[in-house]
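Encoded as structure tokens, the structure appears first; notes follow it.
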Amino acid sequence: MFENLTDRLERSFKILKGEGKITEINVAETVKDIRKALIEADVNYKVAKSFTDDIKRKALGMNVLTAVKPGQLMVKLVHDELAALMGGKAEDIDLSGNPSVILIAGLQGSGKTTFSAKLANYLKSKKGKHPMLVAGDVYRPAAIEQLKVLGEQINVPVFTIPDSKDPVSIAKDAIKEAKKNGQDVVIIDTAGRLAIDEEMMKEVESIKKAVSPNEILFVVDSMTGQDAVNTAKEFNDRLDFNGVVLTKLDGDTRGGAALSIRAVVDKPIKFVSTGEKMETLDVFHPDRMADRILGMGDIVSLVEKA
Amino acid sequence: AKTKENLFKRISRAVAGKTKVDDDVLDDLEESLISADVGVETTLRIIERIQKRAKEEKYLNTSELNNILKSEILSMLAENTAPESKDPVQATKPYVIMVVGVNGVGKTTTIGKLAYMFKNQGKKVLLGAADTFRAAAVDQLTIWAERVDVPIVKQQMGADPASVAFDTLKSAVSNDIDVVIIDTAGRLHNKVNLMNELSKIRRVMQKLLPDAPHEVLLVLDGSTGQNAFMQAKEFTSATDVTAMALTKLDGTAKGGVVLGISDQFKIPVKYIGVGEKMTDLKIFDRTEFVESLFRNV
Ligand SMILES: Nc1nc2c(ncn2[C@@H]2O[C@H](COP(=O)(O)OP(=O)(O)OP(=O)(O)O)[C@@H](O)[C@H]2O)c(=O)[nH]1
Ligand SMILES: Nc1nc2c(ncn2[C@@H]2O[C@H](COP(=O)(O)OP(=O)(O)OP(=O)(O)O)[C@@H](O)[C@H]2O)c(=O)[nH]1
Ligand SMILES: [Mg+2]
Ligand SMILES: [Mg+2]
């Protein structure tokens with residue numbers, strides 16, 4: 001059931017073996033297998049379709065390279081295209097504000113609060129910044145307490161207004177407070193919300209309007225399936241976010257959502273979160289993600305040596 | 001653009017009176033199942049079964065075809081194997097439910113909702129705060145206990161979760177409790193140590209009540225894709241999962257991955273979560289779920 005693409009393409013290699021060049025028919029076969037593998041890795045159905053249509057076109061255009069084994073050529077082509085699609089120029093986060101305001105948003109349970117604290121920790125320890133965390137989730141039971149505990153662990157102040165039910169004024173007051181105390185980055189944690197929850201989407205739009213963030217980051221669970229595109233598109237339409245954070249990559253998910261989101265909103269993936277501890281934050285490597293989606297550890301380097 | 005017409009209708013129209021289901025329709029079916037996270041393998045299996053039956057049972061009319069599609073999918077959803085005649089929660093006292101799952105799927109919230117449901121049935125409920133790891137996890141469950149107005153057993157953060165579970169059971173026995181619900185920390189199924197910890201919690205509870213936990217509820221996030229298979233596999237092998245709860249179905253995700261999981265592991269889906277309030281828990285309705293897979297495709 002969990003046959004990965006390596007196995008699949010090895011099977012396809014057999015189909016292709018002996019054929020000096022890639023013909024339309026065996027490209028079509030291989031492309032079908034690749035599409036299946038992408039969908040099993042949770043790449044969105046439509047995204048997988050258009051991605052593999054492109055691959056097919058490119059593969060056929062590579063007829064000239066008859067010297068290279070066609071199956072291996074296909075693997076490399078797919079891998080490189082995946083990495084290119086998810087990569088591009090690595091963009092840092094904008095820390096030019098005074099203070100710089102970073103707004104965190106996403107679905108329930110995606111890892112926003114944990115990431116907010118990790119980001120504060122990273123900016124503090126790696127960038128010499130003086131961040132402040134803002135408890136802008138006034139709904140989830142013990143959300144404020146959770147952020148406070150994390151803030152204590154990393155020794156970063158957490159701004160709260162205990163009985164307030166108004167995240168907009170919490171965010172505004174936090175920025176005033178940060179200015180007063182010389183904190184140069186303000187990270188605003190928000191409540192989880194569904195993209196179809198009109199009231200809650202309006203709320204996060206109002207926070208954006210009130211504080212004009214330097215950076216809005218959309219946090220998404222890397223285990224998300226086909227729905228990732230709907231959610232990402234809706235959050236992007238509402239917030240025009242600057243980047244994506246992929247969480248829970250310490251699991252064994254293929255993480256096809258990364259490709260889907262990139263294809264649909266064309267915003268860079270800026271960070272990956274790989275654990276519950278505060279240090280488990282990484283920058284995004286498109287190459288590794290391509291390998292992961294394809295479920296093919298070392299095959300690409302093998303191909304490159306061949 | 002494709003119309004938003006109900007898939008069942010589209011399929012029916014396209015195949016009425018034919019012995020072969022036409023390819024366009026199967027493509028549509030494939031797309032809607034996959035978009036609902038049903039997965040490639042399961043989708044292909046469903047399509048094959050439809051084709052086979054369409055061939056065998058000639059002269060299909062519209063409603064027959066609808067029924068075939070629905071019944072094929074329904075047959076994949078394991079039924080609750082508990083004897084329907086007798087409420088298992090009534091039969092065993094205390095009835096112990098251990099709630100498990102990966103991080104952030106909705107375990108603690110589901111526990112709050114279950115406590116509310118059982119309490120409304122007139123049962124005495126007790127919660128056990130065995131997530132002693134995640135920041136403010138105990139506070140979160142405590143707020144739920146207050147909201148629903150049920151007692152809770154807890155220790156300090158960092159305490160041994162098995163010891164919290166044990167304490168909870170002890171308190172349940174001496175306080176004539178009907179239902180005990182144990183919260184556990186979220187853990188990714190590929191972390192061996194954390195999975196072993198679950199087996200330990202189970203073992204320690206059995207020192208007091210040999211047949212506990214009577215139910216191991218695996219919570220799956222409805223927006224999770226194919227990784228849910230791995231979750232079901234690993235949690236089942238660590239803790240003998242007996243039922244599933246599927247959360248966050250108030251969003252646009254369909255949770256179709258449970259079809260294949262329920263079929264393969266023979267675990268019934270018992271509850272669905274449709275919101276963040278304590279009233280947002282529903283008993284899983286197989287027919288309604290199958291219908292919902294094709295809504296707005
Ligand atoms: N294994 C793992 N767990 C993570 C990661 N990021 C977050 N978590 C866990 O996922 C769960 C949810 O994380 P939170 O930070 O509370 O998520 P949230 O988006 O703030 O949740 P809401 O505020 O309820 O919407 C917690 O158990 C976290 O410890 C990660 O990268 N890896
Ligand atoms: N929309 C919606 N949100 C839900 C549902 N169930 C839970 N949530 C939200 O999802 C987030 C995570 O829920 P928790 O109950 O904390 O999840 P958990 O599995 O206990 O998380 P950890 O203990 O950190 O692993 C919270 O913001 C909940 O309010 C649901 O059915 N619908
Ligand atoms: Mg949060
Ligand atoms: Mg919890």
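The values are calculated or read from the model by the stated rules, or taken from the named source; none is laboratory data. Everything quoted here is computed from the prediction, not taken from an experiment. Cβ atoms come from the backbone with ideal geometry, glycine included; neighbour counts cover every protein chain shown. To get the accessible areas, we keep the full protein, side chains included, count just its heavy atoms, and leave off ligands, DNA and RNA. Shrake-Rupley method; radii C 1.70, N 1.55, O 1.52, S 1.80 Å.
Annotations
- Placing a label point 7 Å from the Cα of A:Asp54 along the Cα-to-Cβ direction, the residues of the stretch A:260-289 whose backbone N falls under 17 Å from that point are A:260-269, A:286-289.
- Its alpha carbons give the stretch A:159-306 an Rg and a Dmax of 18.0, 65 Å.
- Residues of type lysines that B:Lys55 reaches as a straight line, Cα spacing below 24 Å, ignoring anything fewer than 8 places off in the same chain: B:Lys9, B:Lys18, B:Lys20, B:Lys70
- Accessible surface of the stretch A:234-299, 1.4 Å probe, proportion on carbon and sulfur as whole %: 41 percent
- Where labels lie 7 Å past Cα in the beta-carbon direction, separation of B:Gln121 and B:Lys93 in nm: 1.4 nm
- Local net charge near A:Ser116, Cβ-Cβ under 11 Å (Lys/Arg +1, Asp/Glu -1): 0
- Probe 1.4 Å, all protein chains present, accessible-area order of B:Ile267, A:Ile161, largest first: A:Ile161, B:Ile267
- Within 10 Å of each Cβ in A:189-202, the average number of Cβ atoms from other chains: 2
- Local net charge near B:Asp160, Cβ-Cβ under 11 Å (Lys/Arg +1, Asp/Glu -1): -1
- A loss of 20 Å² or more of accessible area (1.4 Å probe, protein heavy atoms, ligands and nucleic acids excluded) relative to the isolated chain is seen in these residues of the stretch A:144-159: A:Glu145, A:Gln146, A:Val149.
- Cα pair distances in the protein assembly as shown, grouped into 20 Å bins until the bin that holds the longest one, percent each: 19, 50, 28, 3, 0
- Ordered by 1.4 Å accessible area with all protein chains kept, A:Thr280, B:Thr224 run largest first as A:Thr280, B:Thr224.
- Proximal aspartates and glutamates relative to A:Lys148, as straight alpha-carbon distance under 14 Å, when same-chain residues fewer than 8 apart are discounted: A:Asp137, A:Asp189, B:Asp139
- Pair B:Lys55, B:Lys282: separation of 7 Å Cα→Cβ label points (nm): 3.7 nm
- On Cα atoms only, tilt of A:143-154 relative to the major axis of chain A in degrees: 80 degrees
- Of all aspartates and glutamates in the structure, the ones whose alpha carbon falls short of 16 Å from that of A:Lys89, not counting any fewer than 8 places away in one chain, are A:Asp80, A:Glu81, A:Asp266, A:Asp287.
- For trypsin sites (Lys or Arg not before Pro), the sites in the stretch B:263-297 that DSSP calls loop and that have at most 11 other Cβ atoms within 10 Å are B:Lys266.
- Simple spin-label estimate for A:Arg238 and B:Leu44 gives 3.8 nm between the two label positions (7 Å along the Cα-to-Cβ direction from each Cα).
- Pairs of alpha carbons in chain A separated by more than 26 Å make up 49% of all such pairs.
- Solvent-accessible area lost in complex, 50 Å² minimum, residues of the stretch B:21-51 relative to chain alone, 1.4 Å: B:Glu31, B:Ile34, B:Val40, B:Glu41
- Pairing chain A with chain B buries about 3400 Å² of accessible area. This figure sums both sides and uses a 1.4 Å probe.
- Entry note, chain A: relative contact order of 24 percent, from Cα contacts under 8 Å with a spacing of 6+ residues.
- Dividing the Cα radius of gyration of the stretch A:75-170 by its Kirkwood radius returns 1.09 for Rg/Rh.
- The 3J(HN,Hα) values that the Karplus relation (6.51, -1.76, 1.60; θ = phi - 60°) gives for the stretch B:225-242 are, in residue order, x, 5, 4, 4, 4, 5, 4, 4, 5, 6, 5, 5, 6, 7, 9, 6, 4, 10 Hz. Gly and Pro appear as x.
- Cleavage-rule hits, trypsin sites (Lys or Arg not before Pro), the stretch A:133-185, DSSP coil, Cβ neighbours within 10 Å at most 10: A:Lys165
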